[in-house]
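Engineer: Structure incoming, see below.
The values are calculated or read from the model by the stated rules, or taken from the named source; none is laboratory data. Just so it is clear, the model here is predicted, and its values are computed rather than measured. FYI the Cβ positions are ideal-geometry reconstructions off the backbone, even for glycines, and counts take in every protein chain you see. Note: areas computed on protein heavy atoms with side chains; ligands, DNA, RNA excluded. Shrake-Rupley method; radii C 1.70, N 1.55, O 1.52, S 1.80 Å.
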Amino acid sequence: MKKNHDLIKGTLKAILLELLSNQRKMYGYQMMKELEKMTDSNLIITESALYQALYKLEAQGVLTSTLEQVDNRPRKYYFLTESGRKERKKQKEELEQFVRQLHSIFNFKLAIQ
């Protein structure tokens with residue numbers, strides 16, 4: 001994580017679950033690049049932080065993975081489990097509430113969808 005290290009650290013789980021909810025399956029490097037693209041490189045996750053989070057989420061049963069051969073190399077794809085879909089919804093609701101609370105404190109002009 002480079003920019004906004006502390007902010008990303010507290011929301012990494014929610015970010016990963018959201019990325020995976022928008023795709024059927026993703027591999028780690030793909031997640032890193034998609035996040036950079038979505039945020040114009042303002043949110044960047046290091047490989048170590050990403051894979052630590054993915055391993056933890058998989059151990060919790062929120063994600064599952066499968067190995068596939070791509071160009072004669074193994075690639076690990078991650079998927080949300082049913083538990084992961086429920087957790088994603090919970091994380092999203094908590095973040096929306098948190099953003100509303102920040103708005104009331106700082107009077108941000110945000111458009112929450």
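Engineer: Any chance you could get the radius of gyration and Dmax over the Cα atoms of the chain, in Å?
Structural biologist: Gyration radius and largest Cα-Cα distance of the chain: 15.0, 53 Å.
Engineer: Here is a further query. With a cut-off of 8 Å between alpha carbons and a minimum separation of six or more residues, what is the relative contact order of the chain in percent?
Structural biologist: After rounding, I find 26 percent.
Engineer: Let me ask another. Report the per residue volume, in Å³, of the convex hull enclosing the C-alpha atoms of segment 47-113.
Structural biologist: Enclosed volume per residue, from the Cα hull, is 145 Å³.
Engineer: I've got another one for you. I'd like the orientation of helix 28-38 relative to the chain: the angle between its Cα long axis and the longest Cα principal axis, in ° from 0 to 90, rounded to 10.
Structural biologist: Helix 28-38 and the main axis of the chain meet at about 30 degrees.
Engineer: In nanometres, what is the gap between the two model label sites at Q23 and T81, each 7 Å from Cα along Cα-to-Cβ?
Structural biologist: 2.1
Engineer: Can I ask one more? Over the chain, give the accessible area per residue in Å² for a 1.4 Å probe, as an integer.
Structural biologist: So the chain comes to 70 Å² accessible per residue, rounded to a whole number.
Engineer: Within segment 5-113, report the chymotrypsin sites (Phe, Trp or Tyr not before Pro) that DSSP leaves as loop and that have at most 16 other Cβ atoms within 10 Å.
Structural biologist: Here the sparse-neighbourhood loop sites are F108.
Engineer: Compute the longest continuous run of the chain that contains no exposed trypsin sites (Lys or Arg not before Pro); treat a site as exposed when its DSSP state is not H, G, I, E or B and it has at most 12 other Cβ atoms within 10 Å. Don't jump to the answer; show the numbers that get you there.
Structural biologist: Working: sites that count: K2, K3, R24, K109.
Counting only loop sites that pass the neighbour cut-off, the longest clear stretch is 25-108.
Engineer: While we're looking at this one, here's another question. Rounded to the nearest percent, how much of the accessible area of segment 20-67 (1.4 Å probe, protein heavy atoms only) is carbon and sulfur?
Structural biologist: Reported share for carbon and sulfur atoms: 48 percent.
Engineer: Rounding to the nearest 10 and keeping the result within 0 to 90°, find how far the Cα-based axis of helix 82-106 lies from the longest principal axis of the chain.
Structural biologist: Between helix and principal axis, roughly 30 degrees.
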